[in-house]
Amino acid sequence: MGTFALNYGENPQQGGFVTVDAGSQDPLAITRFTTPEGATALSDAASMSWSTLKEFDNSLEAITRAAAAYEANVAGQVPKMAILTSRGTPFSAVAGASDSVVKLAIENEFRSAFGAFLITNVDITEQTAYKIRQWMGENRPFLGIAAPSIEATAAPYFERKGRKCHLLANPELGKLGRHSLRQETISHAIRGATVSQQPNPYVPQFPAVWDNDLKNDMSLAWGICAASPSSCITVVRDKMLIANAAGHIQLVTASENAVLHAKFTRRTQMLDGASVCSDSFFSFADAFDQLARRKVKAIFAPSGSVHDNQVRAHAEQFNVLFHTVPANEGRIFYGH
């Protein structure tokens, strides 16, 4: 164990510290990440904040969840991915075959990309860094970037005024799959105690009759939803995150806000044929109705509501593919 002082905590007026588990065997532990120059990531802890490390961890949760779903459902093929996270929630994600996923993730939510944390399984060469700098636009750097490798000559492209863009490299990000899921106990301090739980081992297996396009989209939707605060509705179309409405008290509100988000970003038409993931069961058909009337193609959610039959009948009425698993098996609440 070792304790390092951070620049500050969640807010500037709060002190912050990070305590390292030197015995961790997790290949994606923060201690396994390095700077482009080869120093350990936490050698730069004094310029980091609590939020930097939380955004890093939430981003890591999202990309590993999505990779596990891809491996389980799309012939073991994990695509290139770029995920942007801010305020603890992934808000832009794209899957594809090249470094263009970073470009698309930025363009997907350009107004929010400033100051976000980028995680990707794309190697950041100097050439890629140059392209990312053009994609970001002038003076719009990231809070941090985690990638399998980051060339030292790439670092100058991500310099920020006043604050630092933290560059974290780990080759394991280039080899993601089910084995990458968190294995260690998760703990949180409460007043006078520490609560701990096992990591969630669930990875969905989608119906064999689904085509690969649907499995691809739902794998990304599930990965993002599984790393977002509940209650959450996540919408993906053509391997691109269309909306991620997270942190709502009622699922119907999450559904309404997912539709509003798509409307605000001028992607309402992309709801037609989209894949949707919910982190909990639909207690009533009203939340489902918000999505079904926009002609989404498929919805994945745990079951367990007394109104399950009504919700399923609603799905059949609108010709929406509705795949469920029992809540005690597949509920994916995260971040409580």
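The values are calculated or read from the model by the stated rules, or taken from the named source; none is laboratory data. None of the values given here were measured: they were computed from a predicted structure. So basically every Cβ, Gly included, is an ideal-geometry build from the backbone, and we count neighbours across all protein chains shown.
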Output for Cβ contacts, cut-off 6 Å, separation at least six or different chains, first residue not assigned by TED's automatic domain parsing to the domain that holds F300 in the stretch 69-80, second basic (K, R), reads E71/R178; N73/K215; V74/K215
Cross-chain or 6+ apart pairs with Cβ under 7 Å, the stretch 219-242 first and under 20 Å from T268 (Cβ atoms), then of a type in the set (S, T, Y) and assigned to a loop (DSSP other than H, G, I, E, B):
T234/S228
Near pairs, Cβ below 6 angstrom, 6+ apart or cross-chain, from the stretch 164-184 (closer than 25 Å to G115 by Cα and not assigned by TED's automatic domain parsing to the domain that holds T35) to any residue that is surrounded by 17 or more Cβ atoms within 10 Å (Cβ to Cβ) and of a type in the set (A, V, I, L, M, F, W, C):
none
Of everything in the stretch 100-120, what is surrounded by fewer than 22 Cβ atoms within 10 Å (Cβ to Cβ) and in a loop (DSSP other than H, G, I, E, B)? Give them in sequence order.
E109, F114, G115
Of the residues in the stretch 306-336, how many are among the β-branched types (V, I, T), surrounded by 11 or more Cβ atoms within 10 Å (Cβ to Cβ), in a loop (DSSP other than H, G, I, E, B) and free of Cβ contacts under 8 Å to residues at least 60 places away in the same chain?
1
Which members of the stretch 240-269 meet the condition of being surrounded by fewer than 20 Cβ atoms within 10 Å (Cβ to Cβ) and touching a Pro at 6+ places or on another chain (Cβ under 9 Å)?
G247, H248
For the stretch 261-286, give me each residue that is more than 18 Å from A93 (Cα to Cα), at pLDDT below 95 and out of contact with any strand residue (DSSP E or B) (no Cβ under 8 Å at 6 or more places or on another chain).
S283, F284, A285, D286
Give me the pairs, please: first residue somewhere in the stretch 35-61 and touching a residue at least 40 places away in the same chain (Cβ under 8 Å), second residue anywhere and in a loop (DSSP other than H, G, I, E, B) and aromatic (F, W, Y), beta-carbon distance under 6 Å, and either six or more positions apart or on two chains.
A41/F33
Might you let me know whether the stretch 284-305 holds any residue that is among the β-branched types (V, I, T) and touching a His at 6+ places or on another chain (Cβ under 8 Å)?
yes
For the stretch 49-94, give me each residue that is crowded, with 20+ Cβ neighbours inside 10 Å, over 12 Å from the mean Cα position of the chain (by Cα), small (G, A, S) and not in a helix (DSSP H, G or I).
S49
Hey, does the stretch 56-64 have a residue that's more than 18 Å from P148 (Cβ to Cβ) and at pLDDT 95 or above?
yes
Keeping to the stretch 270-288, report how many residues are within 21 Å of S305 (Cα to Cα), aliphatic (A, V, I, L, M) and surrounded by fewer than 22 Cβ atoms within 10 Å (Cβ to Cβ).
1
Just checking, which of V252, V236, V296 is in contact with an Asp or Glu (Cβ under 6 Å, 6 or more places away or on another chain), under 15 Å from D217 (Cβ atoms) and of a type in the set (A, V, I, L, M, F, W, C)?
V236
